[in-house]
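Take a look at the structure below.
The values are calculated or read from the model by the stated rules, or taken from the named source; none is laboratory data. From a predicted model like this one, the values you see are computed outputs, not experimental measurements. Virtual Cβ from ideal backbone geometry, glycine too; neighbours counted across all protein chains shown.
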Ligand code: SF4
């Protein structure tokens, strides 16, 4: 333990999107304690165990704090200059041998992990002549971007729940009581849900009795991957009996009615799934449809779109993207990319390429 005086410094946790405010007690270079920052306007003192363990991660004996290189089968420390020269020489060899575009580029980290990574990464990508690129987008977030493009015309539309005003909250296959650091980030889920529950209903559709399901007023357990059948039935009920409350002009209601038969989904039978085997996409799509039909898209008490602090989507007319699909690898032309990314992986599917009926929302 350092004999230097302990000083408290304000910072934020960079592990997940929430970016909770933290106060770090340091003695010289040593982290003594990490605690929540009660003066932070959003997190108000909240941190999860990962945030409070930042100090332990920082001084973990296995933490990699300097570059390592394998020499004679052993990892040995080297200087940053040596490391960067080595990387540059290897990259130069690839470019000289195969040409700049033969490389493949993987965008991984988000800006929260280091604000310079994205601009520097883009710069390198551009200087290599824009070779094919990959990102997690085609692994675990495709439905969100795809549906935002198909329904709203822009892939960057990422709805956030208005937790302070919502009175009917419907969770589908997510467990934000535990995992709340994604792009609909939430600080203190343990106090947010009881508040929502006090105001109205919290339903969770999940095959498992998750922590979120336990906090809900209603838990519906479908067969795994069949959540969309419940959403389709809810959509049909609203289309037949209301209340439909369109806050924005929409088109495609007739096609929607034709696409969702009026029968109630039956246990053990996949009434709606036969033609909708891509469960993630159709589930996300129906969630948007329900939100639009009930007038809760971009409205108080529903979901809203954060314009981004740097992007400021609200400061210009968003370009309409009618087709989010882009070419993928020439060796598999039948598997398309999405908004410029090549697919990282592909599954075979009998309905691949089938078009969903369009319910398009137009901005005023
Ligand atoms: S929720 Fe946890 S991991 Fe995420 S920013 Fe806050 S303290 Fe860090």
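I need a count of the residues in region 11-29 that are more than 14 Å from the ligand (Cβ to nearest atom) and at pLDDT 90 or above.
Restricting attention to region 11-29, the residues satisfying the condition of being more than 14 Å from the ligand (Cβ to nearest atom) are 25-29.
With at pLDDT 90 or above added as a condition, the list becomes 25-27.
Total meeting the criteria: 3.
Please find, within region 129-156, the residue that is surrounded by the fewest Cβ atoms within 10 Å (Cβ to Cβ) out of those that are closer than 26 Å to residue 95 by Cβ and in contact with a helix residue (DSSP H, G or I) (Cβ under 7 Å, 6 or more places away or on another chain). Please lay out each step first, then the result.
Applying the first criterion (closer than 26 Å to residue 95 by Cβ) to region 129-156 yields 129-138.
Next, only the ones that are in contact with a helix residue (DSSP H, G or I) (Cβ under 7 Å, 6 or more places away or on another chain) stay: 129, 131, 133, 137.
Working: 129: 12, 131: 15, 133: 18, 137: 21.
The selected residue is 129.
Restricting to region 280-312, name every residue that is in a helix (DSSP H, G or I) and either touching a helix residue (DSSP H, G or I) at 6+ places or on another chain (Cβ under 7 Å) or exposed (fewer than 14 other Cβ atoms within 10 Å of the Cβ) (or both). I'd like the intermediate steps shown before the answer.
Here is the first cut: in region 280-312, the residues in a helix (DSSP H, G or I) are 280-293.
Passing the criteria: 280, 281, 282, 283, 284, 285, 286, 287, 288, 289, 290, 293.
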Scanning region 324-343 residue by residue, those exposed (fewer than 15 other Cβ atoms within 10 Å of the Cβ) and touching a residue at least 40 places away in the same chain (Cβ under 8 Å) turn out to be 329, 340
Quick check, is residue 106 away from the ligand (no atom under 16 Å from the Cβ) and modelled with pLDDT of 80 or more? no
What's the number of the condition residue 64 fails, among (1) more than 27 Å from the chain's Cα centre (by Cα); (2) within 16 Å of the ligand (Cβ to nearest atom)? (2)
